[in-house]
1. Please give the helix 47-64 orientation as an angle from the longest Cα principal axis of the chain, in degrees from 0 to 90, rounded to the nearest 10.
2. Mind checking the full-extension length gain between residue 99 and residue 87? Use 0.36 nm per residue of separation minus the Cα-Cα distance, one decimal, nm.
3. Which residues in segment 81-125 place their backbone N less than 11 Å from a point set 7 Å from the Cα of residue 18 along the Cα-to-Cβ direction?
4. Let's test the formula: R0 of 25 Å, r as the Cβ-Cβ distance of residue 111 and residue 63. What FRET efficiency results, to the nearest 0.05?
5. Taking every alpha carbon pair in the chain, what does the distance histogram look like in 10 angstrom bins from 0, in percent?
6. Can you put 106, 121 in order, fewest other beta carbons within 10 Å first?
């Protein structure tokens with residue numbers, strides 16, 4: 001199987017040696033997204049704004065691969081404060097109509113650029 005690197009200017013450029021996503025077979029592996037906008041500014045007014053920017057970034061990467069949120073089968077959520085879980089969950093859930101993906105949510109000590117949430121996904125077409 002041939003792998004295809006997905007890169008869009010509508011989501012923030014990688015800040016390290018990784019791709020926004022890798023498409024292989026019928027599966028898309030999306031790197032973790034943070035609340036970084038394509039212009040390199042952060043959307044960190046509050047945890048809901050952060051989560052929405054993260055999900056928007058994921059949506060743009062999915063679009064670049066000709067997919068959408070309905071193709072997501074697995075998400076991994078990393079947050080710096082488990083007390084934000086309910087707010088993140090509310091914002092996150094608004095991006096799905098039904099059949100939520102499998103998921104884990106883990107508290108971590110720190111995330112890049114001082115953000116409070118990072119989400120990675122796996123999507124299948």
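1. The helix 47-64 is inclined about 0 degrees to the chain.
2. So the extension gain works out to 2.3 nm.
3. Taking a point 7 Å out along Cα→Cβ of residue 18, the residues of segment 81-125 whose backbone N falls under 11 Å are 112, 118-121.
4. Working: r = 24 Å, r/R0 = 0.97.
With a Förster radius of 25 Å, E is 0.55.
5. Whole-percent P(r) values from 0 Å outward: 13, 49, 33, 5, 0.
6. Numbers: 106 9, 121 26.
With the sparsest Cβ surroundings first, the list reads 106, 121.
Bear in mind that the values in this text are calculations on the coordinates, not laboratory data. Being a predicted model, the structure only gives us computed values, none of them experimental. Quick reminder, even Gly has a Cβ in these numbers, built from the backbone with ideal geometry, and neighbours come from all protein chains shown.
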